[in-house]
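Worksheet: one structure, shown below.
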Amino acid sequence: MPFGQVVIGPPGSGKTTYCNGIQQFLNTTGRKVSVINLDPANDFLPYNCAINLAELITLEEVMKEFELGPNGAMVYCMEFLEKNFDWFEEKLKSLGDDYLLFDFPGQVELFTHYDSVKNIIERLAKKNFRLVTVHLVDAHHCTDPAKYISVLLLSLKTMLQIELPHINVLSKIDLMESYGKLAFNLEFYTEVQDLSYLLYHLDEDPFAKRYSDLNKALCGLIEDFGLVGFQTLCIQDKKSVLNLIQAIDKANGYVFGGLTQGNESIMQAAMRADLSYNVSDVQERWLDHRDIWDAWETTHQQETSDVPKTPL
């Protein structure tokens, strides 16, 4: 019963960097991880790739043969993978019970409108793969109320389309304020609190104010579903990564059983892990007192490196 993550998100949200970082992080804990590249346009793979869609089809080949643009060619590639699922299944069998990371393309309509990706995931679920969707979006969208509403709508539509346990992630949280200041505390955005407060800020934009009734209706729609919330992530911060991994392992059931004997220590470590890392800690570390924390970590690393090692 393999466990894994379906990693999706818009272009530039950090999916490939995420897969690379998570593979390294989990390997250090003793969890055997295989990354599967399902982006036919991804030529640069920083991680060790166990299965590469380019072995079956590439975006460039499709564009050249059928004279399609990149978007149409990407849809064709996913449909081609769906029709050649037997090839994919045979490749997956060779990985045994490895923990899997599926690195999907960044074309959002594949997860909101077209059925190929959904059908592929459903077939994996029927093969007893225990998967969770990890939907990455760039955290800097929170600094713009209109973009934040767009991200909420994208996340909601993706959740309804994919129909898997789902975790939305604000990635690159460490870079958020380089794009502007937040109108509210970070918790407002991660918990998707009363969106009526955003309407005031939307109306400050002359263009957005023209659509105030539409903005109000969209905010109401999101709140009526009440499904969207966010985790945060700085892929370079071990504590941030661990906090996200704990949430993911609960979502796909990894910590609750079905593990191989060799992975028992991983489950016990996850259950014992510190769960006190919350949004207020993220706010303090990356937004309110970043300079202080950066200085402390630098000093701590220097002190640690200066401690003489005890000879064996």
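Mind listing whichever residues of region 232-247 are polar (S, T, N, Q) and part of a helix (DSSP H, G or I)?
Ser240, Asn243, Gln246
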Across region 167-214, what is the number of residues that are within 19 Å of Leu153 (Cα to Cα), open to solvent by 30 Å² or more (accessible area, probe 1.4 Å) and of a type in the set (S, T, N, Q)? 3
Taking Ala146 as the residue in question, decide whether it is open to solvent by 30 Å² or more (accessible area, probe 1.4 Å), touching a strand residue (DSSP E or B) at 6+ places or on another chain (Cβ under 9 Å) and either more than 30 Å from Leu175 (Cα to Cα) or not β-branched (Val, Ile, Thr) (or both). no
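Based on this model, can you work out whether Thr112 counts as open to solvent by less than 40 Å² (accessible area, probe 1.4 Å), of a type in the set (Ser, Thr, Tyr), in contact with a helix residue (DSSP H, G or I) (Cβ under 9 Å, 6 or more places away or on another chain) and closer than 18 Å to Asn252 by Cα?
When the stated conditions are applied, Thr112 does not pass them.
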Within region 119-143, restricting to residues that are closer than 21 Å to Val282 by Cα and hydrophobic (A, V, I, L, M, F, W, C), the one that is surrounded by the most Cβ atoms within 10 Å (Cβ to Cβ) is Val134
Among the listed residues Asp39, Asp103, Asp115, Asp86, identify the single one that is under 22 Å from the mean Cα position of the chain (by Cα) and without any contact (Cβ under 8 Å) to a residue 12 or more places away in the chain. Asp115
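From the list Val137, Val151, pick out the single residue that is within 28 Å of Asp203 (Cβ to Cβ) and without any contact (Cβ under 8 Å) to a residue 40 or more places away in the chain.
On the way: Val137 fails: without any contact (Cβ under 8 Å) to a residue 40 or more places away in the chain.
Of Val137, Val151, the one residue that is within 28 Å of Asp203 (Cβ to Cβ) and without any contact (Cβ under 8 Å) to a residue 40 or more places away in the chain is Val151.
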Show me the helices (runs of 4 or more DSSP H) entirely contained within region 158-231 in which 1 or more residues are acidic (Asp, Glu). 186-190, 196-203, 212-225
Test each condition in (1) under 23 Å from Phe3 (Cβ atoms); (2) assigned to a helix (DSSP H, G or I); (3) in contact with a Leu (Cβ under 8 Å, 6 or more places away or on another chain) for Pro105 and report the one that comes out false. (2)
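The values are calculated or read from the model by the stated rules, or taken from the named source; none is laboratory data. The structure presented is a predicted model; accordingly, all values stated were derived computationally and were not measured. Here the Cβ is made from the backbone with ideal geometry for all residues, glycine too, and neighbour counts use every protein chain on show. Calculation scope for accessible area: heavy atoms of the full protein, side chains included, ligands and nucleic acids excluded. Shrake-Rupley method; radii C 1.70, N 1.55, O 1.52, S 1.80 Å.
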